[in-house]
Amino acid sequence: MALIEAFASVQLHVWFAALCLVAVVYKVAMLLEKRRVSLRNMDAFPGPPPHWLAGNVLEFKQDGTDLDRFVELGKQYPYAFPIWFGPFACFLHIHHPDYVKTLLSSTAPKDEYAYKFIESWIGEGLLVSNGQRWYRHRRLLTPAFHYDILKPYVKLMSDSTKTMLDKWERYAKTGESFELFQQVSLMTLDSIMKCAFSYDSNCQTDNGTNTYIKAVYELSDLINLRFRTFPYHNDLIFALSPHGFKHRKVCRVAHSHTAEVIRKRKETLKTVKQMEQVKAKRRNLDFLDILLFAKDENQQGLSDEDLRAEVDTFMFEGHDTTASGMSFILYSLACHPEHQRICRNEIMEVLDGKDTMDWKDLNKIPYTTMCIKESLRLYPPAPIIFRTITKPMTFVDGRSLPEGSHFCVSVYGIHRNATVWENPNVFDPLRFLPENVSKRSPHAFVPFSVGPRNCIGQNFAMNEMKIATALTLKKYELIEDPTRKPKIIPKVLLHSINGIHIKIKPIEP
Ligand code: HEM
């Protein structure tokens, strides 16, 4: 009897092993077929030869030269070229406005491959969702960026900037070089928390140990690592790896921060009656109110899970992008004192002794606005975005790709494309004079993307960057630290491996 049982158990093991083997063989066959189809589809698009296993990943060394390497390849392969992330994931890298126009004016959805890595963090919020879900949420959330809602934010953004600038007094006294990105991140987090969630986090003054900011850095690193390491493209392998373990741990920190923001607001809006009272009384509904009050034509609101995904999305998109943009603007102005001087004169005239910015001032600083745009051109905070096409697509030069093809749009590559921009690496704000803009393709400058999936927060972001730049230049002279040039790197957003350092001096009244 025992012998029969042992025999049955061995047989079961053999069957199980055979089943696993079949599953593995099937999966490998599917992947090889996928590779064969991708190679065939990309026939018309020459590009850098990929390594059979690593693809093109090894060419990009994460040492601050990767984005410029893409630009160099763009000179060799005009319009577009394929890039392989590992042996099976192939993306057409596009770096010309004419290609971008065709792709981004279509309704091509976000690329599941690329965005799934970020989804475990920010959920299926507006940034990553597609189809009807995206359409419904975009309609529900658009009122949160109406200009009546944005107006009162000017004061809150000015307050957050002033807190940051007061902290900088010690650097102004000693003249020492200091790192901007972390400081600006705290400022933009403080500001989005106040504007969108009416939440005073005090994150700028709690000794710089904000766990959420730390979690955001770590998650950006882990997502970048996952994208580059092809075995990590598999959910199971990543989940079982030490990095997957760390990812879950850090996600919990980020999520508990969001949950706390939602919990506190729900507590103050306990009953439907209270909600209606607040809605009627409060002149300035914030983003969270709009999310909580949002109802579609069937009177359906957002579920708790939807709510958390949108809050996570706005918390991340609303501060990290602007922090990257702002840090590079201040850095660019430090490197170009001649433009900095013109901006300061313009700002001093508009502020006329005030130490805060008003709504009506925002349109009175055209030179500063051009400098901001020029910095967003050279240092786009979202340097790469991804799409998959659901229908075949033909481009201006007649080349086509079939349904299911993956794309990465190199915003950085378009902004530095020498066939579009004269002397692309030179900081020249006059490129944004209206007469110069009208001579260019509207798709040559796309820091906020274009088309139906453009950035919903672009006015919010532009206002914040104008306010922070104006108040900074009013108080300090920005000076380049030539010993510490930033080494830029795409880590979901544009970051610098060695930070962004400048020196400052107080402006004498
Ligand atoms: C300088 C600052 C910013 C830049 C450069 C920027 C850039 C972008 C880009 C390029 C996209 C398209 C992404 C893609 O196609 O994958 C995008 C989408 C988005 N941005 Fe921004 N963004 C900025 C600030 C903000 C702010 C402040 C908010 C919110 C308060 C925000 C919220 C969003 C959302 C929700 C989306 C997804 C929109 C949709 O798909 O319907 N962004 N942003």
* Asked: Applying the selection to the range 419-430, what residues are touching a residue at least 60 places away in the same chain (Cβ under 8 Å) and either within 16 Å of the ligand (Cβ to nearest atom) or touching a helix residue (DSSP H, G or I) at 6+ places or on another chain (Cβ under 7 Å) (or both)?
  -> Val420, Phe427, Pro429, Leu430
* **Qualifying residues in the range 96-129 (those that are over 11 Å from Phe407 (Cβ atoms) and modelled with pLDDT of 95 or more) - the one surrounded by the fewest Cβ atoms within 10 Å (Cβ to Cβ)** => Asp98
* **First in the range 472-496 and over 22 Å from Asn224 (Cα atoms), second anywhere and of a type in the set (Ser, Thr, Tyr), Cβ under 6 Å, 6 or more apart** => Asp481/Ser177
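Could you check, for the range 131-145, whether at least one of its residues is on the phi > 0 side of the Ramachandran plot and either within 16 Å of the ligand (Cβ to nearest atom) or touching a Cys at 6+ places or on another chain (Cβ under 9 Å) (or both)?
Quick first cut of the range 131-145, residues on the phi > 0 side of the Ramachandran plot only: 131.
Those still in the list that are either within 16 Å of the ligand (Cβ to nearest atom) or touching a Cys at 6+ places or on another chain (Cβ under 9 Å) (or both) too: 131.
For the range 131-145, residues on the phi > 0 side of the Ramachandran plot and either within 16 Å of the ligand (Cβ to nearest atom) or touching a Cys at 6+ places or on another chain (Cβ under 9 Å) (or both): present.
If you take the residues in the range 150-199 that are β-branched (Val, Ile, Thr) and within 11 Å of the ligand (Cβ to nearest atom), which one is surrounded by the fewest Cβ atoms within 10 Å (Cβ to Cβ)? Working first, answer last.
To start, the set of residues in the range 150-199 that are β-branched (Val, Ile, Thr) comprises 154, 161, 163, 174, 184, 188, 192.
From what is left, the residues that are within 11 Å of the ligand (Cβ to nearest atom) are 188, 192.
Numbers: Thr188: 27, Ile192: 29.
By that ranking, first place goes to Thr188.
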* Residue, nearest to Ser327 (Cα to Cα), within the range 446-469, restricted to residues that are of a type in the set (A, V, I, L, M) and within 8 Å of the ligand (Cβ to nearest atom) -> Met465
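Is it the case that Val25 is closer than 21 Å to Thr388 by Cα and either of a type outside the set (Lys, Arg) or touching a helix residue (DSSP H, G or I) at 6+ places or on another chain (Cβ under 8 Å) (or both)? Working first, answer last.
Working: closer than 21 Å to Thr388 by Cα: no; either of a type outside the set (Lys, Arg) or touching a helix residue (DSSP H, G or I) at 6+ places or on another chain (Cβ under 8 Å) (or both): yes.
Spelling it out, it is not the case that Val25 is closer than 21 Å to Thr388 by Cα and either of a type outside the set (Lys, Arg) or touching a helix residue (DSSP H, G or I) at 6+ places or on another chain (Cβ under 8 Å) (or both).
Mind checking whether some residue in the range 215-223 is out of contact with any helix residue (DSSP H, G or I) (no Cβ under 8 Å at 6 or more places or on another chain) and within 26 Å of Ala259 (Cα to Cα)? Full working, then the answer.
Just the residues of the range 215-223 that are out of contact with any helix residue (DSSP H, G or I) (no Cβ under 8 Å at 6 or more places or on another chain), to begin with: 217, 221.
Adding the requirement that they be within 26 Å of Ala259 (Cα to Cα) leaves 217, 221.
Yes, because at least one residue in the range 215-223 is out of contact with any helix residue (DSSP H, G or I) (no Cβ under 8 Å at 6 or more places or on another chain) and within 26 Å of Ala259 (Cα to Cα).
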* **Lys162 vs. criteria among the basic types (Lys, Arg), touching a residue at least 60 places away in the same chain (Cβ under 8 Å) and not in a strand (DSSP E or B)** => yes
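Enumerate the strands (runs of 3 or more DSSP E) found wholly within the range 441-509, keeping only those where 1 or more residues are closer than 24 Å to His339 by Cβ and not β-branched (Val, Ile, Thr).
Working: elements: 476-480, 488-491, 493-496, 501-506.
Of the strands (runs of 3 or more DSSP E) lying wholly inside the range 441-509, those with at least 1 residues that are closer than 24 Å to His339 by Cβ and not β-branched (Val, Ile, Thr) span 476-480, 493-496, 501-506.
The values are calculated or read from the model by the stated rules, or taken from the named source; none is laboratory data. None of the values given here were measured: they were computed from a predicted structure. As a convention, Cβ positions derive from the backbone with ideal geometry for all residues, glycine included, and neighbour counts pool all protein chains shown.
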